[in-house]
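The values are calculated or read from the model by the stated rules, or taken from the named source; none is laboratory data. Bear in mind the structure is a predicted one, so any value in this text is a computation, not a measurement. Positions of Cβ are backbone-derived with ideal geometry, glycine not excepted, and every protein chain shown enters the neighbour counts. Heavy atoms of the whole protein, side chains included, go into the accessibility calculation; ligands, DNA and RNA do not. Shrake-Rupley method; radii C 1.70, N 1.55, O 1.52, S 1.80 Å.
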Amino acid sequence: MFVPFDTLPGESKIWIYQSNRKFSDEEIQEIEAELKFFTENWISHGHPLEASFETRYNRFIIIAVNQNVQVATGCSIDASVQIIQNLEQKYNVDLLDKMNVTFKIGDHVAFKPLIEFKKMAKEKAVSENTIVFNNLLNTLGELNDFWEVPANESWHNRFF
């Protein structure tokens, strides 16, 4: 059962997927339509999940579920991964590789493989104050407070 993203409680479970390229506005419209259909019909053990999604910066897909209402379990989580895999194929993007880093350079959102980001840190092309996206968060509350942070406040700090 789809609900507006901003109505979900802070302890809602989230999954953050980053694209290796920016989506066009048209692609975002199509993706949002597919995700809306998915979340409207997403179930766990026959019970509807109170769920939502957001796209941000034309690069991130965030899926959220209120586990106070119904817990997302193995099969329902597999279904969400399946839709992400379908989007990967349809748009020829990588959404599941966690070995990439997305960060800000001014207002621009940049994407690099982890090894390149480490090299940039070593070469001082990025710093501890570079805003990074911490996609390892688990709850909506964490997303609101700790998603866009200076590198020294996330797991990225090991590179400095």
- Task: Place a +1 charge on the Cβ of each Lys and Arg in segment 1-90 and a -1 charge on the Cβ of each Asp and Glu, then give the dipole magnitude about the Cα centre in debye, rounded to the nearest 20.
- Result: 240
- Can you pull the Kirkwood radius for the chain, inverse mean 1/r over Cα pairs, to one decimal in Å? 16.4
- Item | Sulfur and carbon atoms: percent of accessible area, segment 1-100 [1.4 Å] | 51
- Item | Per-bin percent of Cα-Cα distances, segment 43-86 [5 Å] | 6, 21, 28, 25, 13, 6, 1
- Task: Extending each Cα 7 Å along its Cβ direction at N92 and I105, get the distance between those two points in nm, one decimal.
- Result: 2.4
- Along the dipole axis of the chain (charges at Cβ: +1 for Lys and Arg, -1 for Asp and Glu; origin at the Cα centre), the most positive-end residue among S127, P150, I77 is S127
- Task: Quick one: divide the alpha-carbon radius of gyration of segment 69-110 by 2.2 N^0.38 Å and tell me what you get.
- Result: 1.59
- Message: Just want to confirm a number: the relative contact order over segment 1-98, from Cα pairs under 8 angstrom separated by 6+ residues, in percent.
- Response: 36
- Note on the structure: HN-Hα couplings for segment 124-137 via Karplus (6.51, -1.76, 1.60; θ = phi - 60°), in whole Hz with x for Gly/Pro, come out as 6, 6, 10, 10, 4, 8, 4, 6, 10, 9, 8, 8, 9, 6
- Summing -39500 (n - 2.57) over the DSSP H runs of n ≥ 4 in the chain and dividing by its residue number, what mean residue ellipticity at 222 nm do you reach, to the nearest 500 deg cm²/dmol? -10000 deg cm²/dmol
- Item | the chain, accessible area per residue, ligands and nucleic acids excluded (1.4 Å, Å²) | 52
- Message: Charges at C-beta only: +1 for Lys and Arg, -1 for Asp and Glu. How large is the resulting dipole of the chain about its Cα centre, in Debye rounded to 20?
- Response: 720
- Message: Restricted to Cα positions, what overall size does segment 105-153 have along the principal axes? Three whole-Å values, descending.
- Response: 34, 20, 18
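Based on DSSP, what percent of beta bridges with both residues in segment 1-159 are antiparallel, to the nearest 5?
Antiparallel bridges: around 95 percent, rounded to the nearest 5.
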- Note on the structure: Once amide hydrogens are built 1.01 Å from N within the peptide plane, the residues lying 5 or more places from V101 or on another chain with amide H under 5 Å from its amide H are K112, L114
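Pull out the extension gain between E153 and E34, defined as 0.36 nm times the separation in residues minus the alpha carbon to alpha carbon distance; nm, one decimal.
Going from the current span to full extension adds 39.4 nm.
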